[in-house]
1. Could you work out the relative contact order of the range 2-154? I mean the mean sequence separation of Cα pairs under 8 Å and 6+ apart, divided by the number of residues, in percent.
2. Would you please report the Å³ per residue occupied by the convex hull of the alpha carbon atoms in the range 89-181?
3. Between F321 and F177, what is the label-point separation in nm under the 7 Å Cα-to-beta-carbon projection?
4. Per DSSP H run of n ≥ 4, the term is -39500 (n - 2.57); total these for the chain, divide by its residue number, and report the mean residue ellipticity at 222 nm rounded to 500 deg cm²/dmol.
5. How large, in percent, is the carbon and sulfur part of the accessible surface of the range 1-136 at a probe radius of 1.4 Å?
6. Averaging sequence separations of C-alpha pairs under 8 Å and six or more residues apart, then dividing by the length of the range 181-253, give the relative contact order as a whole percent.
7. Taking Cβ-Cβ under 4.7 Å as the only way to count a partner, pick out the unpartnered cysteines of the chain.
8. The chain: longest stretch without exposed GluC sites (Glu not before Pro) (DSSP loop, at most 16 other Cβ within 10 Å), sites themselves excluded?
Amino acid sequence: MPETASRFLTAESSVHQLLSQPSTLSFDGTSEEEHRSWRKTFRRTLIKNLGPKPERVPQEVEILEHTKMDGYIREKIIFNPDSFSSIPAYVLIPDKASLRNKCPAVLCSHGHGMGKDPLVGLKEDYQKQFAVELALNGFITISPDWRCFGERRDRDEWVRRSSRDGCNVAYFAFGYFGYQLLQLNICDAQRCLDYLQSRVDVDKKRIGCMGCSFGGTMTTYVSAIDQRIKAAVIVCYLSTLEDALGDRGRGNTCGSQFMFGLKQFGKIADVAGLIAPRPCMVQVASDDTCFIDTDAKKAFSHLKQVYSASGHSSKLELDYFEGEHEVDLAPAVRFFKENLQ
C-alpha cells in the first residue's frame, strides 16, 4: 500500500510547509571574499524583487509651519516625491545649525500607529519622542508620514477599517498599478534624504536613520539600499519570518512591511546585513511581545555572521534592554554621537 500523502488545505498549513524550505541566497560564508560576492548578488536580487520605482518629480518644498522651540526650531514641510503622492514631514533644526556649523542629520522613521507626530513631541507613545532628543543633541532630523499613516491615513470608509488594516488595502491597491507599498515608502525615504542633502546646514556625509517596529523595517531596508545612510539604529524589528508566520507570530506582518519573495532568497537579517560595513545598532527588548527577544537574538546571530565576514564586526552593536515594544533612547543617542558627530 502506498503511503498517505500529506495534505495542506489552508494557507497557514501551506506557509508552514514552505517555511521549511531553504532560502537560496541567505548568507552562509566566513570570508571577506565570500561576503563581497554574496553582497553583490543579494543586493541585486533584493532590488529586483522590490519592483519598479515611480518617476521622480521636482520636490518643490513648501514650509507650512515654523515654530521656535526650546533648543531647536520645528518646521513642517510638504513636498511631492512623484506625480501621484505628497509627503508631509516635520524637520527639527538645532539652534546651533548654520551654513558655517553644518550638523549631522537623522531620518526618523515612525512605526505602525499615529504617524510622525509622536516622534516630534506632539503626542506620546512607545517611540519616546526620539526625534526631539536627537535635535537637542545637535542632529537635524526629518520625520515624515509614511503612506497610510498620520496625515496620509486613508478614510475608514475607503479601506473598511472596522474589519481590515489600511496598509493591507493600500498594498493591494498600489499593486494594480505595478507598485509595491514597501518600495514606494523606500522611495519616499530616499526623497527625504534628497531634502536633507539639499539643506546648507546639513553635513551630507553624516546622515543616519532610526526607527522602531515598522520604523525598524524602514530603517533596515532604506539603510541596506541607500549608501547615504552612514549609521543605523534598528529598534524592535529584527526577527525571523519563521516566527512572524509560525504558530507564535500568527501572521505578524502587514502590507507596509511585506517584502515580495524575501523568504525564497533570504532573511530579514540578510537585508540588514547589506548595511555592513557601516555602523549598525540593533535594539531588542526583553518583554517585547511583538518581536520577541529569543527570536530577535537568533536573527542578530545571523546578522553578526555577516558583519564578521565583512571584516567589521566591531561596527555592529546589540542593545538588549529591559523593556517592552519601545525605543531605548539613551543608547541610540550615544550611538549616533559616536558614529556621526
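The values are calculated or read from the model by the stated rules, or taken from the named source; none is laboratory data. This is a predicted model, so every value here is computed, not measured. Using ideal geometry, Cβ is built from the backbone for each residue, glycine included, and neighbour counts are taken over all protein chains shown. Surface accessibility is based on the protein's heavy atoms, side chains included, excluding ligands, DNA and RNA. Shrake-Rupley method; radii C 1.70, N 1.55, O 1.52, S 1.80 Å.
1. Values: 211 pairs, mean separation 25.1, N = 153.
Computed over the range 2-154, the figure is 16 percent.
2. On the way: hull volume 10.5 nm³, N = 93.
About 112 Å³ per residue, rounded to a whole number.
3. Here the answer is 3.8 nm between the modelled labels.
4. Values: 12 runs with 124 residues, N = 341.
About -11000 deg cm²/dmol.
5. Details: 4110 of 8080 Å².
The value for the range 1-136 is 51 percent carbon and sulfur by accessible area.
6. Working: 77 pairs, mean separation 18.4, N = 73.
Relative contact order, the range 181-253: 25 percent.
7. Cysteines lacking a close Cβ partner in the chain: C103, C108, C187, C192, C209, C212, C236, C254, C280, C290.
8. Values: sites that count: E3, E55, E60, E124, E322, E324.
Between exposed loop sites, the widest span is 125-321.
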